[in-house]
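The values are calculated or read from the model by the stated rules, or taken from the named source; none is laboratory data. Because the structure is predicted, anything quoted here is derived from the model rather than measured. A quick note on method: Cβ atoms are made from the backbone with ideal geometry, for glycine too, and the neighbour counts reach across all protein chains shown. Surface accessibility is based on the protein's heavy atoms, side chains included, excluding ligands, DNA and RNA. Shrake-Rupley method; radii C 1.70, N 1.55, O 1.52, S 1.80 Å.
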Amino acid sequence: TYLHWLKHLPEEVLRVHPRIRLGHIVSLTMGRQILAAAEQIALIHQFRSSYDEEVNRELDRTTDLVFCCCKALQDEAHLAEPQITRWLEQWNDIRHYHQPNDFHYELGFAWLVKGYCAKCRSAFPVAQNALTQAHNHFQAYGSPWGQAWVRSMLTVNYARQGFHYEALQEATEAYKLVQENLGEKSHPGCGLAALIAAIHYEIDELGAAEHYVQDTLEPLKEQSATDLLIAAFETRARLMMH
């Protein structure tokens, strides 16, 4: 509904109120509509000369973060990591923000990307630290959705080290949080269910794996990290072969 509303706003409104377009860009990115987000970023930069310095700093900060998120969503961790490191060096201070909520929201995504990149190169302690910081920011912001994404990556970080008990505990606790706050069939809920199913399969609890993996694929195709989608496909395939 939100994206549909934004799509039909007159261009003049978006030009005069660039923060509305920023909201549009962030929403498109989180929905994996990467090309559409890039088009909106190009448009917002066309009108830089009509905005004051303070607004342009905000535009630069948020669009640079969006580029980092896009690289992560496209599994280009080798490109995202140096970019997100530079971003954190420049913007990891609440003095750059007018509202504490904006600070926690953006820093939550930044540390999530940082943790994802570290996980990809098996720097597990670095990933753990970054993801913990991301969780703290999303918790301060009050976003169960953000917390669920972070805890999904924490689960993967544990699982890749062979810590199946810790991974299952992390995913199960997060799954309960998601069910209470976002509903059983939310995208983050399906992602966590796929991870729980994969862990149950690894420890030979096939009945539980079958239960959790049901009805996860279609939502995860729409919106998920690749780790979660692979977990769902792989667990389904293994169960079919079994």
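Table for the structure above
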| quantity | calculated |
| --- | --- |
| Distance histogram in 5 Å bins (all Cα pairs of segment 16-64, percent per bin) | 4, 23, 36, 23, 10, 4, 0 |
| Selection of chymotrypsin sites (Phe, Trp or Tyr not before Pro), segment 6-112, meeting DSSP coil and at most 10 other Cβ within 10 Å | none |
| Accessible surface of segment 63-104 [probe 1.4 Å, protein heavy atoms]: carbon and sulfur percent | 48 percent |
| Pairwise centroid distance, computed over Cα atoms, of segment 43-58 with segment 195-220, Å | 47 Å |
| Within the accessible area of segment 156-242 (1.4 Å probe), percent carbon and sulfur | 50 percent |
| Segment 182-237, dipole about Cα centre (Lys/Arg Cβ +1, Asp/Glu Cβ -1), debye to the nearest 20 | 180 debye |
| Most to least packed among 59-65, 175-181 [average Cβ atoms within 10 Å] | 59-65, 175-181 |
| The chain - convex hull of the alpha-carbon atoms, volume per residue in Å³ | 124 Å³ |
| On Cα atoms only, tilt of 144-160 relative to the major axis of the chain in degrees | 50 degrees |
| Rg in Å to one decimal, and Dmax rounded to a whole Å, for segment 112-219 via C-alpha atoms | 13.3, 38 |
| 222 nm mean residue ellipticity, helices alone, for the chain (DSSP H n ≥ 4; -39,500 (n - 2.57); rounded to 500) | -26000 deg cm²/dmol |
| Relative packing of peptides 9-18, 25-34 - highest average C-beta neighbours within 10 Å first | 25-34, 9-18 |
| Percentage relative contact order, segment 133-242, counting C-alpha pairs under 8 Å, at least six apart | 21 percent |
| By average C-beta atoms within 10 angstrom, highest first, the peptides 145-157, 226-238, 117-129 | 145-157, 226-238, 117-129 |
| Contact order relative to length of the chain, as percent, for alpha carbon pairs under 8 angstrom and 6 or more apart | 12 percent |
| Accessible surface, the chain, averaged per residue in Å² (probe 1.4 Å) | 50 Å² |
| Size of charge dipole - segment 20-129 - debye, nearest 20, with Cβ of Lys, Arg +1 and Asp, Glu -1, no other charges | 340 debye |
| Part-to-part distance (alpha-carbon centres) for segment 107-150 and segment 80-102, which is given in Å | 14 Å |
| Modelled FRET efficiency - R0 51 Å, TYR165 with VAL16, Cβ distances, 0.05 increments | 0.40 |
| Isotropically averaged projected area of segment 1-112, using the convex hull of Cα atoms (one quarter of hull area), nm² | 7.0 nm² |
